[in-house]
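Heads up: the structure comes next, in structure tokens.
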């Protein structure tokens, strides 16, 4: 995985490696990944670029494809009865969106880019191709759905400190699961969007981050957060670059 370093000393990640993506096994079974010189690359399939604030898909639109994030971050939102935006979740590189397509005809959320996003699109008709190894493919789809279910967390519980801490630790664990550095987080979402997810006020989120920063549990610099001693889940986090 490519990285470069900005002036603040934080690394900016390039596209995630195919082997660290949740669609990797499915793409390999379908012949969508080729190898050159021992390195994986996408051989076929659609690559899409989404600008900040643009929508990858909207709630109610026909569910026609799965999307794997290669770079950037996306929020899933729903509209309340009052027309307000309710953030359901944030998604980072390696994660797959649109899984409701397996059981529903339409997407249930809006998928909106929090920053420039590069993603791979896997049309559902490709999964129904009779030439594919159906038994192995079905097993991998079940694994994919299981991993996605494991990502679901209810952050709107506990004190403000618990909500913010659990949110940061969850992002950290997800990075570590990709072989990335779980101690350095880039918060692509705004404080207001974090507050929306945590079902609290923006002032509460900002105040809690400042308090954790003063306690040297974290180090905050703009949209970047370095975990120092936030909890036991940060112990032993070691950076492993994706080749």
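The values are calculated or read from the model by the stated rules, or taken from the named source; none is laboratory data. Computed from a prediction, not measured in an experiment: that's the story for all the values here. Counting neighbours? That spans all protein chains shown, and the Cβs are built from the backbone with ideal geometry, glycine included.
One line per residue, one yes/no per condition, for (1) under 19 Å from the mean Cα position of the chain (by Cα); (2) at pLDDT 90 or above; (3) in the same structural domain as residue 200 (by TED's automatic domain parsing):
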residue	(1), (2), (3)
58	yes, yes, no
61	no, yes, no
91	yes, yes, no
97	yes, yes, no
104	no, no, no
125	no, no, no
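For region 52-75, filtering for residues that are within 17 Å of residue 120 (Cα to Cα) and either in contact with a helix residue (DSSP H, G or I) (Cβ under 8 Å, 6 or more places away or on another chain) or in a strand (DSSP E or B) (or both) leaves 14. Among the residues here, residue 147 qualifies as assigned by TED's automatic domain parsing to the domain that holds residue 15 and at pLDDT below 90.
Can you spot a residue in region 66-86 that is crowded, with 20+ Cβ neighbours inside 10 Å, farther than 20 Å from residue 171 by Cα and modelled with pLDDT of 90 or more? So far as region 66-86 goes, yes, one or more of its residues are crowded, with 20+ Cβ neighbours inside 10 Å, farther than 20 Å from residue 171 by Cα and modelled with pLDDT of 90 or more. Is one or more of the residues making up region 82-97 in contact with a strand residue (DSSP E or B) (Cβ under 6 Å, 6 or more places away or on another chain) and assigned to a loop (DSSP other than H, G, I, E, B)? Yes: one or more hits.
Suppose we keep only residues that are assigned to a loop (DSSP other than H, G, I, E, B) and at pLDDT below 75 within region 32-51. Which one would you say is nearest to the chain's Cα centre (by Cα)?
Per the criteria, the residue is 45.
If I filter region 6-22 for residues that are in contact with a helix residue (DSSP H, G or I) (Cβ under 7 Å, 6 or more places away or on another chain), modelled with pLDDT under 85, over 20 Å from residue 125 (Cα atoms) and outside any loop (DSSP other than H, G, I, E, B), do I get at least one hit? Checked region 6-22: at least one residue is in contact with a helix residue (DSSP H, G or I) (Cβ under 7 Å, 6 or more places away or on another chain), modelled with pLDDT under 85, over 20 Å from residue 125 (Cα atoms) and outside any loop (DSSP other than H, G, I, E, B).
As a summary of the residue check, residue 194 satisfies the conditions (1) surrounded by fewer than 20 Cβ atoms within 10 Å (Cβ to Cβ); (2) in contact with a helix residue (DSSP H, G or I) (Cβ under 6 Å, 6 or more places away or on another chain); (3) free of Cβ contacts under 8 Å to residues at least 40 places away in the same chain except for the one numbered (1).
Residues in region 175-191 that are within 19 Å of residue 217 (Cα to Cα) and in contact (Cβ under 8 Å) with a residue 40 or more places away in the chain: 175, 176, 181, 182, 183, 184, 185, 186. Residues in region 107-117 that are under 15 Å from residue 54 (Cβ atoms) and surrounded by fewer than 17 Cβ atoms within 10 Å (Cβ to Cβ): 115, 116.
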